[in-house]
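What follows is a short report on a single structure.
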Amino acid sequence: MRHLEISKGQTKLRVKTEFDGSTTLELKEKYKEFNQEISSNKLVIMVIIHEYPLSIVDQFGFKDFVKSLNPLFKMISRNTLRNDILKMYKAEKLSLKRLLEYNNSRIAVTTDMWTASNQKKGYMVVTSHFIDQNWVLRNHTLRVFFVPCPHTKGVIAKVLINCLSQYCLESKISSVVVDNCTTNDAMMKVLLKIFEEKSLMLKGSFLHMRCSAHILNLIVQIGLEVIASGIEKVRGCVSFWMSTPKRIEKFFW
């Protein structure tokens, strides 16, 4: 501990070999004083980015590894980790809300819905797209939320409006990009009635935008129907030869 107190802030030297064989001493960086709060924050970020389970802080191997890196670090509990994640989420949400509030340009919104295969529940993600004051294109996920059944125009419109209202975007929307389906067509008509006409571009002519990638996918799916029988025969052939180790060996050898 005495060595740490004396050495904190000292500069680290590195020996650098030049092309001619000579060596020089190079200033690399300063030793930084250990900070429990900073290290705990890095741990929270790691868990969020890599989607690690909260139980990672209870695992002996992980705690032993961290201890070998820095014995001064006090491992946080699972409950503390959960609370810190929620605090970081709220702080980032507030920061994004302020960024969108002070942004002067229009904001485009894209939505995507899917059904989780393991839960059989519908979810929607809402993403904002805008050009900031430095003319840089910015993309930010506003929210991922559960959409209750049935997925009617009214239900989808309600959850989408709720998301936009949390960021005060009702009067700043330029367009909403949705999948090309009849439910979304009806939902967008509901949004047009909710939004004030004066707040929209050209009285809402650009509000409803159909996703070009989704349209292209529908075109491809229709095209594949023409050769569906041929595809099934190829799949059957592959399944036959890959069904047992003996057939695989016979096919390749």
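Looking only at residues that are closer than 14 Å to residue 38 by Cβ and outside any helix (DSSP H, G or I) in segment 69-92, which one is farthest from the chain's Cα centre (by Cα)?
72
Evaluate segment 215-228: report whether one residue or more is closer than 23 Å to residue 154 by Cα, of a type outside the set (Gly, Ala, Ser) and assigned to a helix (DSSP H, G or I).
no
Is it the case that segment 93-107 has a residue that's in a strand (DSSP E or B) and under 29 Å from residue 174 (Cβ atoms)? Steps first, answer last, please.
Within segment 93-107, the first condition is being in a strand (DSSP E or B), and the residues that meet it are 107.
Subsequent filtering for residues that are under 29 Å from residue 174 (Cβ atoms) retains 107.
Within segment 93-107, one or more residues are in a strand (DSSP E or B) and under 29 Å from residue 174 (Cβ atoms).
Residue by residue through segment 194-224, note down the ones that are touching a helix residue (DSSP H, G or I) at 6+ places or on another chain (Cβ under 9 Å) and charged (D, E, K, R).
197, 203, 210
Can you tell me which residue is farthest from residue 207 (Cα to Cα) among those in segment 107-122 that are in contact (Cβ under 8 Å) with a residue 12 or more places away in the chain and either surrounded by fewer than 15 Cβ atoms within 10 Å (Cβ to Cβ) or among the aliphatic types (A, V, I, L, M) (or both)?
Among those residues, the one meeting the criterion is 121.
Could you tell me whether residue 33 is exposed (fewer than 12 other Cβ atoms within 10 Å of the Cβ) and not in a helix (DSSP H, G or I)?
Working: exposed (fewer than 12 other Cβ atoms within 10 Å of the Cβ): yes; not in a helix (DSSP H, G or I): yes.
Considered against the rule, which asks whether it is exposed (fewer than 12 other Cβ atoms within 10 Å of the Cβ) and not in a helix (DSSP H, G or I), residue 33 comes out as yes.
Counting just the residues of segment 123-144 that are under 19 Å from residue 183 (Cα atoms) and either under 13 Å from the mean Cα position of the chain (by Cα) or of a type in the set (D, E, K, R) (or both), which one comes out surrounded by the fewest Cβ atoms within 10 Å (Cβ to Cβ)? Break it down stepwise before answering.
The first filter runs over segment 123-144 and keeps only residues under 19 Å from residue 183 (Cα atoms), leaving 123-126.
Now drop any that are not either under 13 Å from the mean Cα position of the chain (by Cα) or of a type in the set (D, E, K, R) (or both), which leaves 124-126.
Numbers: 124: 18, 125: 15, 126: 21.
Looking at the filtered set, the residue picked out is 125.
Which one of 175, 199 is among the hydroxyl-bearing types (Ser, Thr, Tyr) and either within 25 Å of the chain's Cα centre (by Cα) or farther than 18 Å from residue 109 by Cα (or both)?
Every option except 175 fails the conditions.
Does residue 66 count as aliphatic (A, V, I, L, M) and either modelled with pLDDT of 60 or more or in a loop (DSSP other than H, G, I, E, B) (or both)?
yes
The values are calculated or read from the model by the stated rules, or taken from the named source; none is laboratory data. Model, not experiment: these values are computed from the prediction. Don't worry about glycine lacking a Cβ; one is built from the backbone with ideal geometry, like all the others, and counts go over all protein chains shown.
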